[in-house]
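Data first, discussion second: the structure below is written as structure tokens.
The values are calculated or read from the model by the stated rules, or taken from the named source; none is laboratory data. Treat the numbers as computed from the prediction; the structure is a model and nothing was measured. A quick note on method: Cβ atoms are made from the backbone with ideal geometry, for glycine too, and the neighbour counts reach across all protein chains shown.
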Amino acid sequence: MHPSLEKVNLFDIGSLKEETVKDILTEARVLADRISTPICPICGRETSANKDSSRKLGWVWICKNKYRFGHSGKINPLSNTFFENIKIHLLDVFLLIIYFFSEIQVSLVLEHLNLFRKRRGQPQMSWPTIVEFYSRRRELTEIVASPHDKLLGGPALSDDAEVLFVDDVDGDPNWEDF
């Protein structure tokens, strides 16, 4: 467990800082780490993490040979992740995830989240935003919890195994066995 979470309860968790939440999510391997640099998808060369304040994490991976091969070479560490198109702060997303899995009512979440946002000098979050976030988390939870790796009918069963009344000689149904 991250040291910042040891003495925090559910109703003062909003006092965490954005950088602390980034550290927590990176330690939990939910966010990419700056050290684990990927290979450039365009040229196959190494990348390095560079500061970029316009990005949500504050950095981006850049290809070391981008000038030699004439491409932008930028790789967003949030691409193909849960956080890719989220417009709100990571701290708010973290709080909404905690509240969702704690099964806190939406009205209480709205009250607490707006209290924390007011302390940080941010605008209020609307009811539809939280409801939309909750509905998407429900969809995601249903997808993750579904047994999508199991075949219907159980292991080693197929459509052919269930048709036992077909006669092997002429292909006509053997109605006596049915």
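Just one of S53, S48 is among the hydroxyl-bearing types (S, T, Y) and closer than 25 Å to S4 by Cα; which is it?
Of the residues listed, the single one that is among the hydroxyl-bearing types (S, T, Y) and closer than 25 Å to S4 by Cα is S53.
Select, from N85, N76, the only residue that is within 23 Å of D33 (Cβ to Cβ), surrounded by 15 or more Cβ atoms within 10 Å (Cβ to Cβ), among the polar types (S, T, N, Q) and modelled with pLDDT under 90.
Going through N85, N76 in turn, just one is within 23 Å of D33 (Cβ to Cβ), surrounded by 15 or more Cβ atoms within 10 Å (Cβ to Cβ), among the polar types (S, T, N, Q) and modelled with pLDDT under 90: N76.
Just to verify a result, which residue in the stretch 93-149, among those that are part of a helix (DSSP H, G or I) and among the hydroxyl-bearing types (S, T, Y), is nearest to R29 (Cα to Cα)?
Among them, the one singled out is T141.
Could you list all residues from the stretch 94-122 that are hydroxyl-bearing (S, T, Y) and more than 17 Å from E139 (Cα to Cα)?
Hit for the stretch 94-122 is S107, nothing else.
Looking only at the stretch 13-34, which residues are within 16 Å of I88 (Cα to Cα), in contact (Cβ under 8 Å) with a residue 60 or more places away in the chain and surrounded by fewer than 17 Cβ atoms within 10 Å (Cβ to Cβ)?
K17, E18
Can you name every residue in the stretch 70-92 that is among the aliphatic types (A, V, I, L, M), closer than 24 Å to S15 by Cα and not in a loop (DSSP other than H, G, I, E, B)?
Here is the first cut: in the stretch 70-92, the residues among the aliphatic types (A, V, I, L, M) are 75, 78, 86, 88, 90-91.
Those still in the list that are closer than 24 Å to S15 by Cα too: 86, 88, 90-91.
Those that are among the aliphatic types (A, V, I, L, M), closer than 24 Å to S15 by Cα and not in a loop (DSSP other than H, G, I, E, B): L90, L91.
State whether the residues of the stretch 54-69 include one that is of a type outside the set (G, A, S), within 24 Å of the chain's Cα centre (by Cα), modelled with pLDDT under 80 and not in a strand (DSSP E or B).
From the stretch 54-69, those of a type outside the set (G, A, S) are 55-57, 59-69; that's our starting set.
Those still in the list that are within 24 Å of the chain's Cα centre (by Cα) too: 55-57, 59-62.
Now restrict to residues that are modelled with pLDDT under 80: none.
No, that holds for no residue.
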